[in-house]
Amino acid sequence: MIDRKIKRFFRKHHVLTIATSVNETPWCASCFYVYLEEENSLVLTSDLSTRHGREFLSNTSIAGTVALETRIIGKIRGIQFSGTVFKPEGTLASRAERAYLKRFPVAMLMDTRLWIVKITYIKFTDNRLGFGKKLIWDPASVSGQP
């Protein structure tokens, strides 16, 4: 089960950095996103004219971050995650589009593709809970800890 602090952090923010890699050459891009809590997934838009958009087609394994910018060390919070990216279809595509357009209505004016990041691992750092405190969500691990 995903800690509510992680869910809240994803919901409160709207920009992520996503990392792709093709032919052992990494690339990062910043994207607006919306969190789909039921699916533990992120919705973002990108078209195939972008490097990361093209790379989604070659390697669906991605990693990313969502970070709170602060100069106060005791307030540092951020998420590192990994997952797989895919183009949604059917009812998931409809739900993803509704959620994305509700959060970013200006996207209605753009001709772009929706993508879903199915999250497979999350590490949430929250210094408010103690310096370097980490909350891990890892469904591959029996205990939930790495």
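Values in this text are rule-based calculations from the coordinates and carry no lab data. Everything numeric here is computed off the predicted structure, so don't read it as measured data.
General remarks:
- Mean separation of Cα contacts under 8 Å, 6 or more apart, over the residue count of the chain: relative contact order %: 23 percent
- J(HN,Hα) series, region 77-89, from Karplus relation 6.51 cos²θ - 1.76 cosθ + 1.60, nearest Hz, glycine and proline x: 9, x, 10, 10, 9, 9, x, 10, 10, 8, 7, x, 9
- Here, region 4-137 has an Rg and a Dmax of 15.0, 44 Å when only alpha carbons are counted.
- Pairs of Lys residues in the chain that lie 8 or more places apart, or on two chains, and have C-alpha atoms under 23 angstrom apart add up to 28.
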